[in-house]
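Engineer: First the structure, which I've put down as structure tokens, then a few questions once you've had a look.
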Amino acid sequence: DGGITQSPKYLFRKEGQNVTLSCEQNLNHDAMYWYRQDPGQGLRLIYYSQIVNDFQKGDIAEGYSVSREKKESFPLTVTSAQKNPTAFYLCASSIISGRGAAGSEQYFGPGTRLTVT
Amino acid sequence: EDKVVQSPLSLVVHEGDTVTLNCSYEVTNFRSLLWYKQEKKAPTFLFMLTSSGIEKKSGRLSSILDKKELFSILNITATQTGDSAIYLCAVSVGTYKYIFGTGTRLKVLA
């Protein structure tokens, strides 16, 4: 079965601790993304990666870090510098559409709900 | 600033009703508009629209784009309780850039 997995589903951490969220895909997609979803707000892009060993900041990258050592994996670390880390985090992947193309549908993982107290 | 606005924010209907969800956008580099359904966790893809006036249909769901007036609608006919979800609209504005609306929360009562 092809798809995206995220773990864990729920994560609880104390303030000041770094925490890493896992995202794995077996769809052979080149592009991967991390979004944050808060109540009353749309999905906001944290980081994206189009190729192994390369990633770009999204709109709200401060306090987060990522790595892309393998095509299948794109873990997100929420650092203690993130001022309001409690949120629902979604990972997604897609094929890379060419310049001028319409864009591609994104495939989403089931999400990780992070609570920091 | 690019933005995508969905309305209504939430909606409660009874089984069998027809609903229309709206998505309007103001972006500088429109490539496509996508609709997703988010039931519990993972949003799942419904439609991608690139051309005005061409309806996309899947069962009881249909969607159309108006690039002149900058909006799209998602119609669901003969709603069922299984249609209860958050419906997300996103606009692709670059190869990796998607602007999401806040979503419309639909609840269908039996």
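Engineer: Size of the dipole of the range A:51-117 about the Cα centre, Lys and Arg at +1 and Asp and Glu at -1 on the beta carbon, nothing else charged, in debye to 20?
Structural biologist: 40
Engineer: For B:LYS40, which lysines qualify as cross-link partners when the Cα separation must be under 30 Å and same-chain residues fewer than eight apart are set aside?
Structural biologist: A:LYS9, A:LYS14, A:LYS57, A:LYS70, A:LYS71, A:LYS83, B:LYS3, B:LYS56, B:LYS57, B:LYS97, B:LYS107
Engineer: Could I ask something else about it? At a threshold of 8 angstrom on Cα-Cα distance, excluding pairs fewer than six apart, so keeping six or more, what relative contact order does the range B:15-102 reach in percent?
Structural biologist: About 38 percent, as a whole number.
Engineer: I would also like to ask the following. Shape verdict for the range B:32-97, please, from the Cα gyration tensor: rounded (a/c under 1.5), prolate (a/b greater than b/c) or oblate.
Structural biologist: The shape class here is oblate.
Engineer: Extension gain A:SER7-A:GLN50, at 0.36 nm per residue separation less the Cα-Cα distance, in nm?
Structural biologist: Length difference between fully extended and current span is 13.3 nm.
Engineer: Could you give the dipole magnitude of the range A:1-86 about its Cα centre, charging the beta-carbon of Lys and Arg +1 and that of Asp and Glu -1, in debye to the nearest 20?
Structural biologist: Charge dipole, the range A:1-86, about its Cα centre: 260 debye, nearest 20.
Engineer: A further question follows. Return a whole-number percent for the relative contact order of the range A:16-58, with Cα pairs under 8 Å and 6 or more residues apart as the contact set.
Structural biologist: 28
Engineer: Across peptide A:31-44, what mean number of C-beta atoms from other chains lies inside 10 Å of a residue's C-beta?
Structural biologist: Mean number of neighbouring Cβ atoms from other chains: 4.
Engineer: Treating only the Cβ atoms of Lys and Arg (+1) and Asp and Glu (-1) as charged, compute the dipole magnitude of the protein assembly as shown about its Cα centre; round to the nearest 20 debye.
Structural biologist: The calculated dipole for the protein assembly as shown is roughly 240 debye.
Engineer: Take every DSSP beta bridge whose two residues both sit in chain A, then give the antiparallel share in percent to the nearest 5.
Structural biologist: 90
Engineer: Still on this model: With no solvent and one point on each alpha carbon, what is the Debye value of log10 I(q)/I(0) for chain B at q = 0.13, 0.15, 0.23 Å⁻¹?
Structural biologist: Rounded to two decimals, the profile gives -0.44, -0.58, -1.30.
Engineer: Label B:ASP2 and A:THR79 with points 7 Å out from Cα along Cα→Cβ: what is the distance between them in nm?
Structural biologist: Output for this residue pair reads 2.6 nm.
Engineer: Could you calculate the contour length gain from B:ARG60 to B:VAL12, that is, 0.36 nm times the residue separation minus the distance between their Cα atoms, to one decimal place in nm?
Structural biologist: Difference between extended and current length: 15.5 nm.
Engineer: Say each of A:LYS71 and A:LYS57 gets a label point 7 Å from the Cα, pointing the same way as Cα to Cβ; how far apart are those two points in nm?
Structural biologist: Here the answer is 2.9 nm between the modelled labels.
Engineer: Under 1.5 on a/c is rounded, so check that first for the range B:20-68, then, if it is not, pick prolate when a/b is larger than b/c and oblate when it is not; a ≥ b ≥ c are the square roots of the alpha carbon gyration tensor eigenvalues.
Structural biologist: Oblate is the answer for the range B:20-68, as a/c is 1.5 or above yet b/c matches or exceeds a/b.
Engineer: Taking the simple approach of a point 7 Å from Cα along Cα-to-Cβ for both A:GLU15 and B:LYS41, what is their distance in nm?
Structural biologist: For A:GLU15 paired with B:LYS41, the spin-label model returns 2.9 nm.
Coordinate-derived values only; no laboratory data. Keep in mind that what you see is a predicted model, and the values were worked out from it rather than measured. For neighbour counting, all protein chains shown are included, and Cβ atoms are generated from backbone atoms with ideal geometry for every residue, glycine included.
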